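Working notes for the structure below.
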Amino acid sequence: MSKSVERVAPFLFGLTALALWQGAVWMTHTPSYVVPGPLKILRAFYDSRTALGAGLLSTLAVTGAALLASTILGVFLAVAMAASSFFRAAIQPWAVILQVTPVVAIAPLIIIWVGQPFLALVVCAVVVSFFAILSNTAAGLAATPPELLDLFLLNGATRWQILFQLSLPYALPFFLTGLRLAGTLALVGAVVAEFVAGSGGFASGLAWQIIEASYRLQIPRMFAALLLLGAAGIVIYAVLGVLERVVLTRRDGA
Amino acid sequence: MFTLRHVAKHFGDGMKALEDITAEIPPGSFVALLGPSGCGKSTLLRLLSGLEMPSSGEISWGHTGKPAPGEIGYVFQDPTLLPWANAAENVYLPLRLRRESWSSAMPRVHTALAQVGLEGFEQSKPKGLSGGMRMRVSIARALVSEPALLLMDEPFAALDEFTRHKLQDDLLALWRRTGKTVVFVTHSIYEAAYLANRILIMTPRPGRIAATLTPNLPVGVERRNSPAYHALVSEITASFQRIMPA
Ligand SMILES: Nc1ncnc2c1ncn2[C@@H]1O[C@H](COP(=O)(O)OP(=O)(O)OP(=O)(O)O)[C@@H](O)[C@H]1O
Ligand SMILES: [Mg+2]
């Protein structure tokens, strides 16, 4: 099969599936509050474009802020854990506990404690996403070749020189992998927190679009919001993947 | 003169890596540390670098105290270059760590790269270099601070035979030109016989020095085929047959 055929194959498959779906909905007269056809969903996209767009932007703002905060927190903790085994022993179990606790379970508490709604959502998304950056960066810091460490010591390098000229640059590929994972995790964390906040009366983000549509039985709009959410996840993952490749080939390429 | 006096190294779990090593490394000599895997060659090299302390005994670098930064050049089995830095930046590294500016270091960086035959490759990153060229950069990095002692830990073991022969010849020429003191770890009898003018033969663990040879082979292209070289290989082989458990 030629390259160009391979390129269009997924779209052909998608279009065929959509056509079959639409045909099945028409022929079986399925009401749109059970399963809407693609055309109905497209219509819902158009009709609610303002609300959906605002919801998407708000969710992305939470995700972006959380990713930034997770990066700072995760890298800082990873460096501190690499520098001090006491700190590592003190922090590691708590980081793991925070990681394995479902965010739905602690989101109500965070929302009450933090008060400011946007900040509360960001904190929830950070709780879900920072561990990916922390653990990947820590693995990268530990992967510094011991021979290079010896070479640095033989030339009288200070701790800071070792950190900034050796360990952190060596950890960069690991960090970027962590960042890519954290991107989608932050999105998931943001939406889960929005669900919890929404049921508590703070309406925002794509989650609220889904909740509201379900209250009103606007199933096509619900599908539209879900599709938007999925697309946002894919785009975040793809963009961070491209960032990873570009940064590393620019840095290490011949 | 670098000297080791009754040096022993034991590790935490009671493992005896080295026992009672006494040896001299005269200035300008090319010393080969030859022994089977696990006999403590790398450990001995790390002791000589000052990175690790002996459990007992003494090491002297010809002055009181430990080596100063840059006094020791170290070449590892893998080139261990910084993948994000080009050849010139990699060679500059030891000087940069000692806070020398690029403009004052640059002439020495270029000299070191020229010494290993890498003029014109200053801008190449490790990914764009062959295994042999990466090892050359690694040697240049060890030479750039003009160390009093050059330590090499099986630097050519991972290279193919042709590249290895070329690098051996170039290293010998470099050593004759510069008069550097070299300690070269290898587990190849042929490599030790070809390169060194002082061969320390080590026993299996715990490593001791079983014999010291001071060969004097002809200089030049005929060395690899000279009868003296082949006689030396046989002599070393015979002494290993005496010390290795059957
Ligand atoms: N930091 C360490 N802690 C504990 N044991 C060690 C340490 N470093 C080396 N050893 C042990 O000391 C012994 C000698 O090791 P060394 O690496 O010096 O051998 P070698 O002669 O260089 O072997 P090779 O030819 O395989 O490189 C080995 O048994 C090794 O496991
Ligand atoms: Mg070794």
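Bear in mind that the values in this text are calculations on the coordinates, not laboratory data. Values in this document were obtained by computation on a predicted structure and should not be read as measured data. For neighbour counting, all protein chains shown are included, and Cβ atoms are generated from backbone atoms with ideal geometry for every residue, glycine included.
On each of the three principal axes of the Cα atoms of the range B:81-147, give max minus min coordinate, whole Å, ordered largest first.
29, 23, 19
Which cross-chain or sequence-distant (5 or more) residues have an amide H under 5 Å from the amide H of B:GLY207, H modelled 1.01 Å from N in plane?
Correct list: B:LEU18, B:GLU19.
Between Rg and the Kirkwood Rh of the range A:52-253, both from Cα atoms, what is the Rg to Rh ratio?
My calculation of the ratio gives 1.07.
Of all DSSP beta bridges in chain B, what percent run antiparallel (nearest 5)? Working shown, then result.
On the way: 14 of 33 bridges.
Antiparallel bridges make up about 40 percent of those DSSP assigns within chain B.
What angle, in degrees between 0 and 90 and rounded to the nearest 10, separates the Cα long axis of helix B:227-243 from the longest principal axis of the Cα atoms of chain B?
Roughly 60 degrees between the two axes.
Please name whichever of B:PRO83, B:PRO107, B:ALA157 sits farthest to the positive end of the charge dipole of the range B:56-203, dipole taken about the Cα centre and charges placed at Cβ: Lys and Arg +1, Asp and Glu -1.
Farthest towards the positive pole: B:PRO107.
Other chains' Cβ within 10 Å of A:157-169 residues: what's the mean? List each step's numbers first, then the result.
Values: counts 6, 2, 0, 0, 4, 1, 0, 0, 5, 3, 0, 0, 4.
Mean shielding count: 2.
Would you please put B:233-242, A:128-137, A:74-83 in order of how densely packed they are, using the mean number of other Cβ atoms within 10 angstrom per residue and starting with the highest?
Details: B:233-242: 13.7, A:128-137: 25.4, A:74-83: 19.7.
Answer by packing, highest mean first, reads A:128-137, A:74-83, B:233-242.
Round to the nearest 10 and give me the degree value, 0 to 90, for the angle of helix B:131-143's Cα axis relative to the longest principal axis of chain B.
90
Treating the angle as unsigned and between 0 and 90°, give the value, to the nearest 10°, between the Cα long axis of helix A:49-83 and the longest Cα principal axis of chain A.
Its long axis makes an angle of about 20 degrees.
Output the Kirkwood hydrodynamic radius of chain B, Cα pairs only, in Å rounded to one decimal. Present the calculation step by step, with values, prior to reporting the outcome.
Details: mean 1/r = 0.0534 Å⁻¹.
The answer is 18.7 Å.
In a GNM of chain B with a 10 Å cut-off on Cα contacts, which of B:ALA231, B:ALA140, B:ALA173 has the highest mean-square fluctuation?
Per the Cα network of chain B with a 10 Å cutoff, B:ALA231 tops the list.
Regarding the protein assembly as shown, what are the three Cα extents along the principal axes, ordered largest first, in Å?
Dimensions of the protein assembly as shown along the principal axes of its Cα atoms: 97, 56, 55 Å.
Once you charge only the Cβ atoms, +1 for Lys and Arg and -1 for Asp and Glu, what is the size of the charge dipole of the protein assembly as shown about its Cα centre, to the nearest 20 debye?
Details: 39 positive and 30 negative charges, 120 e Å.
The dipole magnitude comes to about 580 debye.
Using θ = phi - 60° and the Karplus relation 6.51 cos²θ - 1.76 cosθ + 1.60, list the HN-Hα couplings for the range B:148-155 in order, rounded to whole Hz, with x at every Gly or Pro.
Result, ordered by residue: 6, 9, 10, 9, 10, 10, 6, x Hz.
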